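Everything on this sheet refers to the single structure shown next.
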Amino acid sequence: MKASKKIIVPKTDELRKQGIKVIVEQMGIAGAAFFLRETMAQEVNYLEIKSQLFGNMTVADIYREINKSS
C-alpha cells in the first residue's frame, strides 16, 4: 500500500500576503490597487465557482492534478 503524502493547507493570511506581493511586483502599485479594488468589491458565489472549476473532484483528485503540472 502506497503511503499518501500529508496535504498541508496554508493559512489564509499568509496566502493573502503572498498573493498581494506577487500582484504588486507584476502590476505595480497602481495596477495592483485597481485590480484589488475591482475584484474585492464584487460579490462572488464561491460555491458556484468551486463547482465550475472542480465539479465532483475530491481533494485528492485536485492534489494529483496539481502534482501533474508541477
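The values are calculated or read from the model by the stated rules, or taken from the named source; none is laboratory data. Since the structure is predicted, the reported quantities are computational estimates derived from the model, not experimental observations. Here Cβ is always computed from backbone atoms with ideal geometry, including for glycine, and neighbour counts include all displayed protein chains.
General observations
- Residue, farthest from R64 (Cα to Cα), within the range 23-42, restricted to residues that are modelled with pLDDT of 90 or more and loosely packed, with under 11 Cβ neighbours inside 10 Å: A30
- Residue check, G19 surrounded by 11 or more Cβ atoms within 10 Å (Cβ to Cβ) and on the phi > 0 side of the Ramachandran plot: no
- Pairs where the first residue, in the range 36-53, is within 16 Å of G19 (Cβ to Cβ) and the second is modelled with pLDDT of 85 or more, C-beta under 8 Å, 6+ apart: L36/I20; L36/I23
- Of note, M57 satisfies the criterion of being assigned to a loop (DSSP other than H, G, I, E, B) and either surrounded by 10 or more Cβ atoms within 10 Å (Cβ to Cβ) or touching a Pro at 6+ places or on another chain (Cβ under 7 Å) (or both).
- Exactly one residue out of I23, I7 is touching a residue at least 12 places away in the same chain (Cβ under 8 Å) and assigned to a helix (DSSP H, G or I): that is I23.
- From the options K11, K5, K50, K68, residue that is surrounded by 11 or more Cβ atoms within 10 Å (Cβ to Cβ) and either modelled with pLDDT under 90 or basic (K, R) (or both): K50
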